[in-house]
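Visitor: Below is a structure I'd like to ask you about.
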Amino acid sequence: MSQNIQSVRGMNDILPGEAEFWELFEETVRSWLKSYGYRPIRLPIVEPTPLFKRAIGEVTDIVEKEMYSFVDSLNGELLTLRPEGTAGCVRAVIQHNLIAQQPQRLYYMGQMYRHERPQKGRYRQFHQVGVEALGFSGPDIDAEQILMGARLWDDLGLDGIKLQLNTLGQPEERARHRAELITYFESQSELLDEDAKRRLHSNPLRILDSKNPAMQEMIVGAPKLMDHLGAESLAHFDAVQQVLRDAGQPYEINPRLVRGLDYYNLTVFEWVTDRLGAQGTVCAGGRFDGLVEQLGGKPSPACGFAMGVERLIALIRDAGGEPAPQCVDVYVVHQGTAASRLAPRVAEGLRDQGINVLFHCGGGSFKSQMKKADASGAAYAVIIGDDEAEAGEVTLKPLREEGAQKRVSVDNVADEIMNSFMDMEEA
Ligand code: ATP
Ligand code: MG
């Protein structure tokens, strides 16, 4: 006997019941983005592998061990399922010369792929909403993007999501910090795990990002980048904080917040909840002024953030949020030759008026069709037998509330239903 094929580990189906939460989430997100003037961009899921190596950095968790890369067997090209969206977005912006004339505010949503150990809040296929502003250099846009998050949590009915903030300064400032960091970590070498030892000379900043509990205390004592920042970097950071304070947005400065990707500079931030266990970061981002040039474009400042949709949906469900149940308005029941010819036209006529209709398919007795009509959650059954068909009428039967069924002419049934919905709204 052959075994049933299962989905790939860490890649989940989102079934009806769950998927309605996703739709509601996406609707809320789209109107929120619109309210800030962000425009949609749709990007491929597969990109050339070198794009991610160049953008994210060779010595990062993602590039070292999380990418789904493969050789296109037809032409030998090295390809990767996107592990994040910024690299592809910047590639597209350069390729199509999008920021030559004016800066751009862009967003995308979709699947990302990382070969991680699947657990609650961490999957191998997951979804992000990515928000990028390209061609902006000032702290005003950093602050706007941070405050956007606060508004979205509110729109989604979520509370308790806290803001953490840090600055990574500029590459020269990081270089000075890096030298001190290496000296410090060398002095603590007996406490370093394998990853940290490997990264000690290639990417010591990344050690600060380690999730290994055994290293946390040692990491807290490491030299702070903040002590190496010049006046300009400090001023940028201060200006961001000023806007946040003016807006009454609380935040915590977390010097260990270095982000898992190499392209960031200056402002970095994360939105974190303690309601999701270990996977508490629901949104993360920051400035990446060097990336456009690094990928071959004209130097251009930028900043952006991405949120983890699975984690946010989990929070929404945890908070008891419920999407409106998606019921149709009308279930069309029909039996008999003439009736079954009339019925599809009646259903389409109702849809012309914006009424949602489940049309009974598959035949069966009136009784069994009425059972399905009841179970559908529809407000009305429209019943058509040959008797009705001959008279050019239907029987309209309320399913959710008391009230007698009545015969209505085919031409009037949509109006009749619309009027009753309006009466219900007024009541
Ligand atoms: P983490 O520290 O949790 O691994 P990250 O720093 O790798 O996160 P980013 O690359 O900044 O994550 O991605 C932004 C957001 O996408 C994260 O804050 C998280 O909400 C979500 N995310 C990242 N990886 C996963 C995953 N494997 N499964 C589900 N969501 C994820
Ligand atoms: Mg990660």
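Visitor: Given the structure, is Leu158 in a loop (DSSP other than H, G, I, E, B), within 16 Å of ligand 1 (Cβ to nearest atom), in contact (Cβ under 8 Å) with a residue 24 or more places away in the chain and not charged (D, E, K, R)?
Guide: The answer is yes for Leu158.
Visitor: Of the numbered conditions (1) modelled with pLDDT of 95 or more; (2) under 29 Å from Ser202 (Cβ atoms); (3) out of contact with any Pro (no Cβ under 9 Å at 6 or more places or on another chain), Phe52 fails exactly one; give the number of that condition.
Guide: (3)
Visitor: From the list Gly260, Gly248, which residue is surrounded by fewer than 22 Cβ atoms within 10 Å (Cβ to Cβ) and either more than 22 Å from Gln170 (Cβ to Cβ) or touching a Cys at 6+ places or on another chain (Cβ under 6 Å) (or both)?
Guide: The conditions single out Gly248.
Visitor: Leu342 is checked against (1) within 15 Å of ligand 1 (Cβ to nearest atom); (2) assigned to a helix (DSSP H, G or I); (3) over 15 Å from the mean Cα position of the chain (by Cα) and fails just one. What number does that condition carry?
Guide: Failed condition: (1).
This table checks each residue for (1) in contact with a Leu (Cβ under 7 Å, 6 or more places away or on another chain); (2) in a helix (DSSP H, G or I); (3) surrounded by 15 or more Cβ atoms within 10 Å (Cβ to Cβ).
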residue	(1), (2), (3)
Gly296	no, no, no
Ala306	no, no, yes
Ile313	no, yes, yes
Gly320	no, no, no
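Visitor: On to the next question. Could you list all residues from segment 277-287 that are under 28 Å from Ala314 (Cβ atoms) and either at pLDDT 95 or above or more than 9 Å from ligand 1 (Cβ to nearest atom) (or both)?
Guide: Hits for segment 277-287 are Gly277, Thr281, Val282, Cys283, Ala284, Gly285, Gly286.
Visitor: Does Thr167 satisfy being under 15 Å from Leu208 (Cβ atoms) and out of contact with any helix residue (DSSP H, G or I) (no Cβ under 9 Å at 6 or more places or on another chain)?
Guide: Criteria not met by Thr167.
Visitor: Moving on. Looking at segment 98-117, which of its residues are near ligand 1 (Cβ under 8 Å from one of its atoms) and not in a strand (DSSP E or B)?
Guide: Hits for segment 98-117 are Arg114, Glu116.
The values are calculated or read from the model by the stated rules, or taken from the named source; none is laboratory data. Remember, it's a predicted structure, so these values are computed and weren't measured experimentally. Because the Cβ atoms are built from the backbone with ideal geometry, glycine has one as well, and the counts that use them run over all protein chains shown.
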